[in-house]
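The values are calculated or read from the model by the stated rules, or taken from the named source; none is laboratory data. Everything quoted here is computed from the prediction, not taken from an experiment. Cβ coordinates were reconstructed from backbone atoms using ideal geometry, including for glycine residues, and neighbour counts include every protein chain displayed.
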């Protein structure tokens, strides 16, 4: 049974602000444990070794304590994820003796941004564009996207229904989602150019 | 059909660790599973974390690992706090030594003038 967070009333942002105000590491002692399980999973995904993953989480914690002291971080979750990922890649690179590219956050536009950037587009219009874009996806992606987002099926159910592997289902959903966004962004860029 | 727009959302919603553990051990209903998976599809960190956690041979050990890591972190932070305190006391200690030296020097100076100004009998 996981221990519940005794300081749940504090958001991550509040804890960070408190830390920046008085410099007491105790605030980080409340914030960082919230991410132990997630970080353990992230490190395990990249390192594929239980002991190394545990060590890695410990190192990420220490790195976070040192780095947060040096500069201000606004979005803790995204930041700690990048720290963990880059730390894992560094470890892999050290092991393999090969160069690896640092991962940068890829920003994908959200519904609000797609609407904000173009006030002429109503939600209904966006919806009709989405349905249209959905038709342009390949069959696998379209099928998985419909089952997942419209029929609200779990990954396992989609696996059973379609016969794809779990990895394929996840990848069809991810790629389908990305392609839909790209199609909508392109359409929007095209309109902005014509204006 | 309006659920289509959910595809565009990049959720930053958090999931509590207990729910994640229940998901990993297959204790959730289909509806709850879908909710967790929707967060995974929206949030790369969550997705990576679940994929990584599923690779642990013994899921039951996860609790113990998390506990161990949190204890190590707490110990480190406690030590840091003590070091900070010791540093503070160290600074205070230095100030008192400095004040004591000044007081002793002043007393010596006063004694010198007193002795010098006492007329010989």
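Key figures for this structure:
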| item | result |
| --- | --- |
| Among the residues listed as A:177, A:152, the single one being closer than 30 Å to residue B:26 by Cα, at pLDDT 80 or above, part of a helix (DSSP H, G or I) and under 24 Å from the mean Cα position of the chain (by Cα) | A:177 |
| Test: residue in the range B:70-80 that is more than 9 Å from chain A (Cβ to nearest Cβ) and within 22 Å of residue A:39 (Cα to Cα) | yes |
| The lone exception for residue A:54 - which of (1) in a helix (DSSP H, G or I); (2) at pLDDT below 95 it fails | (2) |
| Scope the range B:27-55; condition assigned to a loop (DSSP other than H, G, I, E, B) and at pLDDT 90 or above; matching residues | B:27, B:28, B:29, B:54, B:55 |
| Identity of the residue in the range A:60-96, part of a loop (DSSP other than H, G, I, E, B) and away from chain B (no Cβ under 14 Å), that ends up surrounded by the fewest Cβ atoms within 10 Å (Cβ to Cβ) | A:71 |
| Test for residue A:40: is it more than 16 Å from the chain's Cα centre (by Cα) and at the interface with another protein chain (Cβ under 10 Å from one of its Cβ atoms) | no |
| Residue identified as within 30 Å of residue A:173 (Cβ to Cβ) and either surrounded by fewer than 18 Cβ atoms within 10 Å (Cβ to Cβ) or at pLDDT 90 or above (or both) among B:11, B:100 | B:11 |
| Residue match in the range B:74-82 (condition: part of a helix (DSSP H, G or I) and more than 26 Å from residue A:84 (Cβ to Cβ)) | yes |
| Matching residues in the range A:156-172 - criterion: being surrounded by 21 or more Cβ atoms within 10 Å (Cβ to Cβ) and closer than 23 Å to residue B:25 by Cα | A:158, A:169, A:170 |
